[in-house]
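Taking it in order: structure first as structure tokens, then the write-up.
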Amino acid sequence: MEQTNEMMIEFDSRSCNESFARVAVAAFMTQLNPTLEEVADVKTALSEAVTNAIVHGYENEVRKITVHCRIEGQELFLAVTDKGRGIEDVAKAMEPLFTTKPDSERSGMGFAFMEAFMDEVQVISAPGEGTTVRMKKKIGRVAGEYMD
Amino acid sequence: MEDSENHRLSGSFSGAMAAVKRQSIQPSGAEGSAEAEKGKKIRKGDAFCMEDFFRIDGTDLTVRVPAELDHHMAEKIKKGSDRLIENRNIRRIIFDFQRTHFMDSSGIGMIMGRYKNMRFMGGAVIAVNVNDRIHRILTLSGIYKMIDIYESSC
């Protein structure tokens, strides 16, 4: 049977918690024996999702963000959930350089970065109900490969 | 280890920002003096920390980008550099990525914003000491078309 492991964290949607979420997920994924680059990729993608929840989902109001992490075999699954305003047109939101907040210097590259650094990105959202971003990445190196 | 370093950096940064605020706007009234009182306690390290992030050489503003440039730090760098640009005659912003090992799209947004401001005033923006990771992010975002990137210090 494939090995599975799970963890979930919930924190306030404050920008200072972005680094906390990154470090927590990075620490959790170390059991997959990832390369430094794989860790950096996951951290970047997660950071984008959490920043989106803070800036767009809650529009800087302090509420709760949940990060759910699951390991199945060599695959890492992430789900970042907010109960904020939701996205009306997900396809439009995912277009590179599209942003609803150009004035506050959002680059519109968030989803593009998530897609670049993860294998799969799925967005589940309804206006007024919130957004969940699900991401998947296969961590290449087989655990214990370099051990005797 | 990495996390505590960040915490220390961000903490000292707000102190540095408070120092700039006090320089430009003299606080008046009860509220202002209370803020000044609060500021006094952390004043000791302020001057050093301010130098830690921003350095001005003639018309060049060097921004020493922190270890992790995310939304949280990008907002602080944005406020700090804009205040300096407003008050000083800055013609070039140099983003120094020497100690940076993490950046996301919020960092891109911040650099893009500074680039727009500088171009409006006829200035330039460059990035120096860019490592592989940061280079990848800058390339992916397309920002390399607008700013010059150097792998070493220029």
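The values are calculated or read from the model by the stated rules, or taken from the named source; none is laboratory data. These figures come from a predicted structure and were not determined experimentally. Heads up, the Cβs are rebuilt from the backbone with ideal geometry, glycines too, and the neighbour counts pull from every protein chain shown. Each accessible area value is taken on the protein alone, full model and side chains, heavy atoms only, with ligands, DNA and RNA left out. Shrake-Rupley method; radii C 1.70, N 1.55, O 1.52, S 1.80 Å.
Choose one answer from A:Ser125, A:Ser107, A:Ser47: the residue with the largest mean-square fluctuation in a GNM of chain A with alpha-carbon springs under 10 Å. With Cα springs under 10 Å in chain A, the top fluctuation among A:Ser125, A:Ser107, A:Ser47 is at A:Ser107.
Rolling a 1.4 Å probe over the protein heavy atoms of segment B:70-154, with every protein chain left in place, gives an accessible area that is 46 percent carbon and sulfur. Provide a whole-number value for the mean count of partner chain Cβ atoms within 10 Å of the Cβ atoms in peptide B:91-97. Whole-number average of other-chain Cβ neighbours for B:91-97 is 0. Only helices enter this figure: runs of n ≥ 4 DSSP H residues, each worth -39500 (n - 2.57), summed and divided by the residues of chain A, yield -8500 deg cm²/dmol at 222 nm to the nearest 500. For chain A, carbon and sulfur atoms together expose 49% of the accessible surface, with a 1.4 angstrom probe and every protein chain in place.
Find the accessible area per residue for chain A; the probe is 1.4 Å, ligands and nucleic acids are left out, and the unit is Å².
Details: 7430 Å² over 148 residues.
Heavy-atom SASA per residue in chain A reads 50 Å².
Classification of segment B:46-149 by its C-alpha gyration tensor yields an oblate form. The axis ratio a/c (a ≥ b ≥ c) is 1.5 or more, and b/c is at least a/b. Between chain B and chain A, the total buried accessible area stands at approximately 2100 Å², from heavy atoms with a 1.4 Å probe. Rounded, prolate or oblate, given the Cα gyration tensor of chain A, with a/c below 1.5 counting as rounded? Verdict is prolate for chain A.
Can you tally the net charge around A:Glu120? Count Lys and Arg as +1, Asp and Glu as -1, for every other residue whose Cβ sits under 11 Å from the Cβ of A:Glu120. Mind showing how you got there, number by number?
Details: positive: A:Arg134, A:Lys136, A:Lys137, A:Lys138; negative: A:Glu75, A:Glu115, A:Asp119.
Value of the local net charge: +1.
Note on surface exposure: A:Thr44, A:Thr30, B:Thr62 rank A:Thr30, B:Thr62, A:Thr44 by accessible area, highest first, 1.4 Å probe. When A:Met94, A:Met135 are compared by accessible surface with a 1.4 Å probe, the order from highest to lowest is A:Met94, A:Met135. Which of A:Val121, A:Val42, A:Val62 moves most in a GNM of chain A, Cα contacts under 10 Å? Ranking A:Val121, A:Val42, A:Val62 by mean-square fluctuation puts A:Val62 first.
Accessible surface comparison of B:Met103, A:Met8, probe 1.4 Å, protein chains only, largest first: the order is A:Met8, B:Met103. Distance between the 7 Å Cα→Cβ label points at B:Lys116 and A:Lys136: 3.7 nm. If you take the square roots of the eigenvalues of the alpha-carbon gyration tensor of segment A:1-49 and sort them as a ≥ b ≥ c, do you get rounded (a/c under 1.5), prolate (a/b over b/c) or oblate? Oblate, since a/c reaches 1.5 and b/c is not below a/b. For the pair B:Asn87 and B:Asp57, the difference between a 0.36 nm per residue extended length and the Cα-Cα distance amounts to 9.4 nm. Computed on chain A, with alpha-carbon pairs under 8 angstrom and 6+ residues apart, the relative contact order is 28 percent. For the listed residue pairs A:Lys43/B:Lys79; A:Lys101/B:Lys76; A:Lys136/B:Lys78, the alpha carbons are over 30 angstrom apart in A:Lys136/B:Lys78. Highest GNM mean-square fluctuation, chain A, Cα pairs closer than 10 Å: which of A:Ala27, A:Ala93, A:Ala112? It is A:Ala27.
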